[in-house]
Structures are given as structure tokens and as C-alpha cells.
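*Asks:* Before anything else, here's the structure in question.
The values are calculated or read from the model by the stated rules, or taken from the named source; none is laboratory data. These numbers were taken from a predicted model, which means no experiment stands behind them. Neighbour counts are summed over all protein chains in view; Cβ atoms, including those assigned to glycine, are modelled from backbone coordinates with ideal geometry.
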Amino acid sequence: MSTLRLRWLPICFAATLATTAHAQPAPGDVVLSTASHILSVDWGMAQVTTLKQVPWTATVVQDRNVGLIGTANDEIHRLTIAGTLSTVARLPDGAVARAIATDQTVNAYVFGTHKGIYRVAGTTVTTLTTLIKPNAICRDRNTGHYVAASLFGAIWTVDAATGAITTVRTDVPDVTGLAYLPSIRGFVVGRSSASDGVLLLDSNFNTVKTFNVADVNAVTVDERINRIWTVSGAPTRAVTRIAPQGAIEGSIPMPTYAYTGIAVWQSRTVSVATTGLPGSTANFHIRFPNASTEPYCVALSLAAGPGLDLPGSQYLGLAPDGLFLMTACQSIPGLTARFAGNLAFGGALAALTIPAAAPPGFVVHVSAVMIDPGAPGGIVAGNADSLQIR
């Protein structure tokens, strides 16, 4: 039976969940957090698996592909690939996290709560602002700052260093999710409305497209294949995949849970490891799932898109500009290091020496590919990340 036909056998799969205490999803599977469990969804097989009984209010893929970060009210949890759950920090003042975004550096996250926005790096918690109480948040890779939204129509930008707030929209109510979409250098907005529940915004926050998905509880982007994922709550209860330049590609009905977050398992193959200070060395962590010693290549660009379409419906979120052509697979003395080589146990650490004269606020984008003869076109695309000079 074809994969396409299996996608449209939803009821029997959704009604009979597999339950495994330490099940591990395949890379690229969708992972959902609920008010009581964590689930994974195999899109090709239309199969839903219960991974662990954890009451999370929000979830995000962790840096360097080693699991998930989620929250249970004010507690911040880490769930490893092996299934180990631990508490890594607590938000202050009983703040309940409603949204999470990855920050620029490894193991740093930004939390939108009912009391404000907090940044957590390791176990250190910093208050960015208490003036807004967002229901959704993401990082703007164009600028290095954050974008936040409320249920009541407002969308704001938030300065990553100072917490300064700028209102950019006041007419987008019922926002439940935000994600950066590199292919348009803009944003995906999820809404709990009965129709037009997914909006695409350009880098200036103008609406450029809508999709008729109802009751959206959370959104995420797998930029390696340039696809949007949503999970809808009652009464729709479904996971939906969208091609941002095309149309809705299908949905899989989901069991009766209160869905709080969505992520793509092991989709963060490239992550910035250090703060971008002029004159310092910025490290880029690279980790491809199920890899060992395959060749890899790293590149930089001045823009996240429009990117490059690669074989096998893959997408590389780097603009093919002059910086890209200069740095792709090139270790340049005094500037880049380990931009090409062989992975060690599936990972590598590339580096960029930031010029001392680099101006604050300047943003550079980084991504990597792995050479794999068994992959479509012999190549596996990684995600892109951005480094802001601060």
C-alpha cells in the first residue's frame, strides 16, 4: 500500500495509540505536547505514538538534537532522546510558560508567560520585560530579536538585549503560535479561529497569505523541507502539513487531548553556540541524526532567504549571496575554521572569527549539509541558524 494511501487511513491509527515508555521517534517526526502526555506522529504511516506521560504547557526542540525542552507551569524540563526527564530551572514569581523560543546560544530559551518574557540560559533566569504577557513567541532571524503576540490582537517585536517593545500589529486576534519561516524571511502565525487559522507574514509583518486551518493550538516549521506543521485543538483535533508556497497537503486526526505545543524531532542540526561579540570566536554546533563520519560542508550568508531548493524536496535556508559563495566549504585563515571535513560520531564544531569592527546588530546566517550517497541527490540539508553581533 502506498504512503499516500496510508495518510488517509486516519481513524484506525489515531484510535489505537502505541504506548512505549522510552520510545524514540524517527528524525523528522512531529512531536506534540499535551496537558498530560507527549506524543509523536509518523506522517508517512499516519501513526501516533505515546512517548511519555508528562503534563507540559509548551514544548520546543532542544539545541544540538539531544531531546526536547518543555514546561510544566513554572518548571522547565529537559527530556532526552533516551527518555530521561529532569528539571533544569524554574521561572520566577510562579510565571506559567505559554510559549517557548530558542535563543541565539546553546541551551538558551525565551519564555512567554502570563507575567512577562523571561530568558533562560542554563539555570540562569533573566527578566526581559513584564510589560506584555504573550501567548506566542519566536526569534526573528532577520534581526536576532524576538516576535511575540497576544490573544487580543497585538503583535510586538522585543529587543533581545534591552527588552524594548515595539507594537507592529493590533489586528491579529486569537494567536496561539508563532514561527519563523526562512523561505519568505517572515513568519507563520497560528490562530484558534474557526477559519484562516494560519497566516503568513512578511518581514514587515504584512499578511501575504492565509490557510483555512481551524482551531490551531500551535505551529512549527521544518525548514529542511520548507513545510509548516500545525496541531489543532477541539473540535478539529488534527495535525496538518502545509507547503507555504502551495497549499495544505493533508491532515491526520488526533486523539482527544489538550494540545499545547508542536516540534519536529531532531530537526535542529545546526545551532549557534556562543554570543556574537566583536573580536570573539563564534562556534557552530553541527549534529546530523543517525550519522557517523560522513563528509559535511558549512556556509554563511547575509540573508536567510530566498534559499536553495535541494534534491528530495529539501531546502537550505541560506541566500546564495557573495558571503555564501566565499565561505561554502571553505576554511579561510583568520575567518572560518572547520567549514568542511568529516563528522565525528555524527557531529562537528565549526567556527567563525568575528571581525573586531563588526557593527552591533549585524546578523549572519549559517547552515550545513551532509554528504550521503544514500540520500536524494547525495545530500542531506540541515536547518539554518543566525548569529547577531551584540
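*Asks:* What number of residues within region 121-134 satisfy the criterion of being in a loop (DSSP other than H, G, I, E, B) and either buried (at least 22 other Cβ atoms within 10 Å of the Cβ) or in contact with an Asp or Glu (Cβ under 6 Å, 6 or more places away or on another chain) (or both)?
*Replies:* 1
*Asks:* Go through Ala328, Ala291 for me and flag whichever is in contact with a Phe, Trp or Tyr (Cβ under 9 Å, 6 or more places away or on another chain) and closer than 16 Å to Ala384 by Cβ.
*Replies:* Testing whether each residue is in contact with a Phe, Trp or Tyr (Cβ under 9 Å, 6 or more places away or on another chain) and closer than 16 Å to Ala384 by Cβ leaves just Ala328.
*Asks:* What number goes with the only condition from (1) closer than 22 Å to Gly305 by Cα; (2) surrounded by fewer than 17 Cβ atoms within 10 Å (Cβ to Cβ) that Ile379 does not pass?
*Replies:* Exception for Ile379: condition (2).
*Asks:* Something else: With respect to Ser86, determine if the residue is in a strand (DSSP E or B), more than 20 Å from Leu178 (Cα to Cα) and small (Gly, Ala, Ser).
*Replies:* Yes.
*Asks:* Do you know which residues across region 135-154 are in a strand (DSSP E or B) and not aliphatic (A, V, I, L, M)?
*Replies:* Within region 135-154, Cys138, Arg139, Tyr146, Phe152, Gly153 qualify.
*Asks:* Let me ask something else. Has region 321-337 got any residue that is at pLDDT 90 or above and closer than 26 Å to Ile228 by Cβ?
*Replies:* Checked region 321-337: at least one residue is at pLDDT 90 or above and closer than 26 Å to Ile228 by Cβ.
*Asks:* Also, I was wondering about something else. May I ask you to list the residues in region 339-390 that are of a type in the set (D, E, K, R) and modelled with pLDDT under 90?
*Replies:* Correct list: Asp385, Arg390.
*Asks:* Look at region 183-228 and say how many of its residues are assigned to a loop (DSSP other than H, G, I, E, B) and either crowded, with 22+ Cβ neighbours inside 10 Å or out of contact with any strand residue (DSSP E or B) (no Cβ under 9 Å at 6 or more places or on another chain) (or both).
*Replies:* Residues meeting the conditions: 8.
*Asks:* Another question about this same structure. Name the one entry in Ala348, Ala299 that is closer than 19 Å to Gln266 by Cβ and either crowded, with 22+ Cβ neighbours inside 10 Å or of a type in the set (Asp, Glu) (or both).
*Replies:* After ruling out the rest, the residue left standing is Ala348.
*Asks:* Among the aliphatic types (A, V, I, L, M) and more than 30 Å from Asp202 (Cβ to Cβ) - does that describe any residue in region 298-318?
*Replies:* No, because not a single residue in region 298-318 is among the aliphatic types (A, V, I, L, M) and more than 30 Å from Asp202 (Cβ to Cβ).
*Asks:* Being over 20 Å from the mean Cα position of the chain (by Cα) and modelled with pLDDT of 85 or more is the filter; apply it to region 56-84 and report the residue that is surrounded by the fewest Cβ atoms within 10 Å (Cβ to Cβ).
*Replies:* Once the filter is applied, the top-ranked residue is Glu75.
*Asks:* Now for a different question. Are any residues in region 209-228 touching a residue at least 24 places away in the same chain (Cβ under 8 Å) and of a type in the set (Asp, Glu), and if so, which ones?
*Replies:* If the condition is that a residue be touching a residue at least 24 places away in the same chain (Cβ under 8 Å) and of a type in the set (Asp, Glu), then Asp222, Glu223 are the ones that fit.
*Asks:* Does Gly312 count as over 19 Å from Leu349 (Cα atoms), surrounded by fewer than 16 Cβ atoms within 10 Å (Cβ to Cβ) and touching a helix residue (DSSP H, G or I) at 6+ places or on another chain (Cβ under 7 Å)?
*Replies:* Criteria met by Gly312.
*Asks:* Keeping to region 150-162, report how many residues are crowded, with 19+ Cβ neighbours inside 10 Å and at pLDDT below 95.
*Replies:* Qualifying residue count for the region: 3.
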